[in-house]
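Chemist: Dumping the structure here so I can ask a few things about it.
The values are calculated or read from the model by the stated rules, or taken from the named source; none is laboratory data. Computed from a predicted model, the values in this text were never measured in an experiment. Using ideal geometry, Cβ is built from the backbone for each residue, glycine included, and neighbour counts are taken over all protein chains shown.
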Amino acid sequence: MKKKKKKMRKKKMNVYENVCQQFNKAADLMHLDPDVRNILSKTTNEIVVNFPVRMDDGKIDMFTGYRVQHNSVLGPYKGGLRYHPLVDINEVRALATWMTWKSAIVNIPYGGAKGGIQFDPTKCSFGEIQRITRRFTFALGCNIGPEYDIPAPDVNTNAQIMAWILDTYLSTQPPHERQRSTHVVTGKPVEAGGSLGRDKATGQGVVFCIEQWAKDTKFKLKGATYTVQGFGNVGSWAAYLMKRHGSKLLAVEDVSGAIRNQNGIDADDLIAYVQKTKGVKNYPKAEPISHLDLFKTKADIFIPAALENQITAETVRFLRVKVVAEGANGPTDIDGDVSLWRRNIDVIPDILCNAGGVVVSYFEWLQNKRSEFWDLGEVDTKLHRKMIDAYQRVRDTAKASKTDWRTAAYIVALRRLETVYRERGIFP
Ligand code: GLU
């Protein structure tokens, strides 16, 4: 496990370079306007804050938090906040840039941003996480706002954390602003202004994409096999929903370890286990396997739903799957991508596949602004329409441009951004 963590750290260093390479490839192929290319190749604002927090032992620790705002030509900055020891400026830059593409692909009026704090929340108490969150929100000040930059959950953050951000933000606003600013964050608890269906939205979007892929390739999901990397919000919801299709979960990896059962792992039972133990390790109805064994497990579908740079030159050669549905942001590096393409493994790229989260964030934001509350059926129907529409656009662009799906997804996003820049021009 120690070894694996080290490997992950080394691999993660170039994540922003991955984004730049993906961007350049698409920009070349579509002959993106050189001025627009110049603008989009830079982030707009990079905010780094260092702030003190009193810990449970009475001492004060200093924390470093980030918020990178990549682009806002399509609307307010939008994107999650991540709590992880490996968060750094390059990772946040990459994630912010991906958010710009993601919102453009699914056609919602947002720009791209991302933030995070570099620390390990598993080593902190509930109270410490609350104080870190509140102090970070205070440090960000007016760099976030309901019509300006709207955070949401990401790795190791959740609805509870969004509620603390909301409360801290509102508490520091003038009284007349407070009642109309609940849309400063999305992914809130439903009682605090959240939307039904936001919790499962990313996993649901992944499964909508897989359904469409199965339809297009005339593949039967009933009885199909799949593996999942990451069993947090995205991975566990995806597994829960795949079970409803009658698909068989063979292997799962998370930070605690990896497990496999060739006869199938019951997703609901594993979710209940992980809720108690906080990890898949020692799950009694499967055998422990290594990190590489997860990749070696032959299956129809692989859902990476953990961190970046997991499908690499080193791991990709073991993959024996028909399709990779990227629930995580940036799970495939450049070498991994080339190899998947050469080996004819289909890829539903992250900026399309995991866009369900930000789509339902948009629905939550709209409901807050209009003082409405939609039922789950309405949220799911609208999400389905958005995902399938984006999926078809990417699929058709890949065909028309004779390119891989990731590049096609970039082209869809970049065309939209290019059009808006052409229409608006730049000030002055
Ligand atoms: N963190 C999620 C993502 O990477 C959701 C972002 C949002 O809802 O704003 O897409």
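Chemist: Quick test for you: out of ASP333, ASP293, ASP350, ASP300, pick the one residue that is among the acidic types (Asp, Glu) and within 16 Å of the ligand (Cβ to nearest atom).
Modeler: Only one candidate passes the filter, namely ASP350.
Chemist: Pick from VAL379, VAL358, VAL321, VAL420: which is away from the ligand (no atom under 16 Å from the Cβ) and closer than 26 Å to GLY115 by Cβ?
Modeler: Answer to the check: VAL420.
Chemist: How about region 115-131: which of its residues are part of a helix (DSSP H, G or I), in contact (Cβ under 8 Å) with a residue 12 or more places away in the chain and over 22 Å from the mean Cα position of the chain (by Cα)?
Modeler: Within region 115-131, GLY127, GLU128, GLN130, ARG131 meet the criteria.
Chemist: Being of a type outside the set (D, E, K, R) and surrounded by fewer than 16 Cβ atoms within 10 Å (Cβ to Cβ) is the filter here; which residues of region 259-270 pass it?
Modeler: Across region 259-270, the qualifying residues are GLN262, ASN263, GLY264.
Chemist: Kindly list, by first and then second residue, each pair from a residue in region 393-412 that is on the phi < 0 side of the Ramachandran plot and of a type in the set (D, E, K, R) to a residue that is outside any helix (DSSP H, G or I) and surrounded by fewer than 20 Cβ atoms within 10 Å (Cβ to Cβ), limited to pairs with Cβ atoms under 8 Å and residues at least 6 apart or on different chains.
Modeler: none
Chemist: Residue by residue through region 287-303, note down the ones that are over 17 Å from LYS243 (Cα atoms) and out of contact with any helix residue (DSSP H, G or I) (no Cβ under 6 Å at 6 or more places or on another chain).
Modeler: Of everything in region 287-303, those that are over 17 Å from LYS243 (Cα atoms) and out of contact with any helix residue (DSSP H, G or I) (no Cβ under 6 Å at 6 or more places or on another chain) turn out to be GLU287, PRO288, ILE289, SER290, LEU292, ASP293, LEU294, LYS296, THR297, LYS298.
Chemist: Just to check your reading of the model, which residue among ASP350, ASP396 is at pLDDT 95 or above and surrounded by 14 or more Cβ atoms within 10 Å (Cβ to Cβ)?
Modeler: It is ASP350.
Chemist: So which helices (runs of 4 or more DSSP H) are wholly in region 12-110 and hold at least 3 residues that are within 15 Å of the chain's Cα centre (by Cα) and within 15 Å of the ligand (Cβ to nearest atom)?
Modeler: Here the list reads 89-105.
Chemist: Now, a different point. Among the numbered criteria (1) buried (at least 19 other Cβ atoms within 10 Å of the Cβ); (2) within 16 Å of the ligand (Cβ to nearest atom); (3) outside any helix (DSSP H, G or I), which single criterion is violated by GLU147?
Modeler: (1)
Chemist: So which residues in region 368-385 are in contact (Cβ under 8 Å) with a residue 40 or more places away in the chain, in a helix (DSSP H, G or I) and surrounded by fewer than 22 Cβ atoms within 10 Å (Cβ to Cβ)?
Modeler: LYS369, LEU376, ASP380, HIS384, listed by residue number.
Chemist: Taking the condition of being over 20 Å from the mean Cα position of the chain (by Cα) and either in contact (Cβ under 8 Å) with a residue 12 or more places away in the chain or surrounded by 19 or more Cβ atoms within 10 Å (Cβ to Cβ) (or both), how many residues in region 413-428 meet it?
Modeler: 9
Chemist: Let me ask you something else. Output the residues belonging to region 164-187 that are within 15 Å of the ligand (Cβ to nearest atom), under 14 Å from THR133 (Cβ atoms) and assigned to a helix (DSSP H, G or I).
Modeler: Listed by number, the residues that qualify are ILE165, LEU166, VAL184.
Chemist: Do you know which residues across region 135-144 are free of Cβ contacts under 8 Å to residues at least 60 places away in the same chain and either surrounded by fewer than 18 Cβ atoms within 10 Å (Cβ to Cβ) or not in a helix (DSSP H, G or I) (or both)?
Modeler: Those that are free of Cβ contacts under 8 Å to residues at least 60 places away in the same chain and either surrounded by fewer than 18 Cβ atoms within 10 Å (Cβ to Cβ) or not in a helix (DSSP H, G or I) (or both): GLY141, CYS142.
Chemist: Still on this structure, I have one more. Could you list, in sequence order, the residues of region 78-99 that are out of contact with any Phe, Trp or Tyr (no Cβ under 7 Å at 6 or more places or on another chain), within 24 Å of LEU166 (Cβ to Cβ) and in contact (Cβ under 8 Å) with a residue 60 or more places away in the chain?
Modeler: Listed by number, the residues that qualify are GLY79, GLY80, LEU81, ARG82, HIS84, LEU95, MET99.
Chemist: Considering only region 211-223, how many residues are within 10 Å of ASP300 (Cβ to Cβ) and either touching a residue at least 40 places away in the same chain (Cβ under 8 Å) or basic (Lys, Arg) (or both)?
Modeler: 2
Chemist: Could we say that ASN344 is assigned to a loop (DSSP other than H, G, I, E, B) and surrounded by 21 or more Cβ atoms within 10 Å (Cβ to Cβ) here?
Modeler: No; evaluated as a whole, the condition is false for this residue.
Chemist: Would you please name the residue that is nearest to the ligand (Cβ to nearest atom), looking only at residues in region 188-210 that are over 13 Å from the mean Cα position of the chain (by Cα) and within 27 Å of ALA286 (Cα to Cα)?
Modeler: VAL207
Chemist: With ALA104, ALA94 as the choices, which residue is of a type in the set (Gly, Ala, Ser) and within 14 Å of VAL73 (Cα to Cα)?
Modeler: Among ALA104, ALA94, only ALA104 is of a type in the set (Gly, Ala, Ser) and within 14 Å of VAL73 (Cα to Cα).
Chemist: Quick test of your reading of the structure: SER236 fulfils all but one of (1) surrounded by 23 or more Cβ atoms within 10 Å (Cβ to Cβ); (2) touching a strand residue (DSSP E or B) at 6+ places or on another chain (Cβ under 7 Å); (3) among the small types (Gly, Ala, Ser). Name the failing condition by number.
Modeler: (2)
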